[in-house]
1. Given the options Gly134, Gly98, name the one that is modelled with pLDDT under 95, over 15 Å from the mean Cα position of the chain (by Cα) and on the phi > 0 side of the Ramachandran plot.
2. Which of the residues belonging to the stretch 236-252 are under 13 Å from Phe217 (Cα atoms) and not in a helix (DSSP H, G or I)?
3. Going through Pro264, Pro278 one at a time, which residue ends up being without any contact (Cβ under 8 Å) to a residue 40 or more places away in the chain and either within 27 Å of Asn83 (Cα to Cα) or surrounded by 19 or more Cβ atoms within 10 Å (Cβ to Cβ) (or both)?
4. Out of curiosity, is Val199 in the same structural domain as Pro272 (by TED's automatic domain parsing), buried (at least 20 other Cβ atoms within 10 Å of the Cβ) and either free of Cβ contacts under 8 Å to residues at least 60 places away in the same chain or not aromatic (Phe, Trp, Tyr) (or both)?
5. Considering each of Arg180, Arg210, Arg232, Arg176 in turn, give the residue that is closer than 28 Å to Val119 by Cβ and either among the basic types (Lys, Arg) or in contact (Cβ under 8 Å) with a residue 40 or more places away in the chain (or both).
6. Show me the strands (runs of 3 or more DSSP E) found entirely inside the stretch 1-84 where at least 1 residues are surrounded by 18 or more Cβ atoms within 10 Å (Cβ to Cβ), under 25 Å from the mean Cα position of the chain (by Cα) and of a type outside the set (S, T, N, Q).
7. Which residues, counting only those in the stretch 176-196, are over 21 Å from the mean Cα position of the chain (by Cα) and over 16 Å from Arg220 (Cβ atoms)?
8. Could you please give the count of residues in the stretch 253-283 that are of a type in the set (Val, Ile, Thr) and part of a loop (DSSP other than H, G, I, E, B)?
Amino acid sequence: MTADVWLPIPPDEIDGLPEGFTYRFWDGGDRGEQEFPGDPADCVCYVVPYMKSMPAKIRPLAEMVHLDVIQTLTAGVDDILANLSSIAPGVRLCNARGVHDASTAELALTLILASLRGVPDFVTAQQAGHWAAGFRPALADRSVLIVGYGAIGAAVEDRLVPFEVARVARVARSARTTERGPVHPLADLPALLPDADVVVLATPLDASTRGLVDADFLARMKDGALLVNVARGAIVDTKALLAELDTGRITAALDVTDPEPLPPGHPLWRAPGVLISPHVGGPSSAFEPRAKRLLVSQLSRYAAGEPLDNVILTTGE
């Protein structure tokens, strides 16, 4: 048996990979039909293909009987967590914390500014040859609530600082204190939502956050507030969101949706006050260099027998 590492980036394009492994390139193919690059039983570290379907990602897992590490290139690992039954016990699952912070936070700010300042309306007016002047809300002096204060949530706050927002409130699954101020638990959301002009969702999808943004959550948002989702679509109850959007009481900017991809003809496409981007928070020019640095660091740690970063869980424990 060889000690294989399956990579979705050609190994000759990654400088600094440690010796001692056989590196095999496998990105799952467009539909997960690509031939395996080697015997899955020889794989000790599986780097999950990025931006591929769930069937493509999980197809080799049942045959990877000597697997030690699964490394995703996403911050969320909900697709792998949904398929733990196909993974042998004792496998460490690691996410890509740090890889998508800059790119996703950048998109969150883009969606906030575009929505508040009416950029979609300007595009429509430009196409019609119409000069659509008028007042629009600024981000300055607004209050922002960040739901999910991990690495991405903190990166969003980093980028809010120059925009002179009135205040930032932070929420995570458990309370803690940071240099910037307190992080509230999810239980505090009902009290925090009525004061927020902008609500940014950056939380992982799990049992505690699936459907978190339901009719009650949305009803507590103030009139005129903006909901921004750069997390996972299933955090939001789509039916409840559509009901609020149809009233015109709130607006939304969504990089993720439920369902996803959003099918043609879905009501969200034509809902009033909504801006949709096609899950592009992570895939930007910032992704590849950060992904490569993460892989070199993790594999160097693994080769040296050192603790890995970003371990979410060990299967079977």
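The values are calculated or read from the model by the stated rules, or taken from the named source; none is laboratory data. Just so it is clear, the model here is predicted, and its values are computed rather than measured. Here Cβ is always computed from backbone atoms with ideal geometry, including for glycine, and neighbour counts include all displayed protein chains.
1. Details: Gly98 fails: over 15 Å from the mean Cα position of the chain (by Cα).
Selected residue: Gly134, the only one of Gly134, Gly98 that is modelled with pLDDT under 95, over 15 Å from the mean Cα position of the chain (by Cα) and on the phi > 0 side of the Ramachandran plot.
2. Those that are under 13 Å from Phe217 (Cα atoms) and not in a helix (DSSP H, G or I): Val236, Asp237, Ile250.
3. Values: Pro264 fails: either within 27 Å of Asn83 (Cα to Cα) or surrounded by 19 or more Cβ atoms within 10 Å (Cβ to Cβ) (or both).
Answer to the selection: Pro278.
4. Working: in the same structural domain as Pro272 (by TED's automatic domain parsing): yes; buried (at least 20 other Cβ atoms within 10 Å of the Cβ): yes; either free of Cβ contacts under 8 Å to residues at least 60 places away in the same chain or not aromatic (Phe, Trp, Tyr) (or both): yes.
Answer is yes for this residue.
5. Working: Arg180 fails: closer than 28 Å to Val119 by Cβ; Arg210 fails: closer than 28 Å to Val119 by Cβ; Arg176 fails: closer than 28 Å to Val119 by Cβ.
Selected residue: Arg232, the only one of Arg180, Arg210, Arg232, Arg176 that is closer than 28 Å to Val119 by Cβ and either among the basic types (Lys, Arg) or in contact (Cβ under 8 Å) with a residue 40 or more places away in the chain (or both).
6. On the way: elements: 4-7, 22-25, 43-47, 69-71.
The strands (runs of 3 or more DSSP E) meeting that bar are 4-7, 43-47, 69-71.
7. Within the stretch 176-196, the first condition is being over 21 Å from the mean Cα position of the chain (by Cα), and the residues that meet it are 176-182, 187-188, 190-196.
If the condition is that a residue be over 21 Å from the mean Cα position of the chain (by Cα) and over 16 Å from Arg220 (Cβ atoms), then Arg176, Thr177, Thr178, Glu179, Arg180, Gly181, Pro182 are the ones that fit.
8. Of all residues in the stretch 253-283, those of a type in the set (Val, Ile, Thr) come to 256-257, 274, 276, 280.
This time we only want the ones that are part of a loop (DSSP other than H, G, I, E, B), so: 256-257, 280.
The number of residues fulfilling the criteria is 3.
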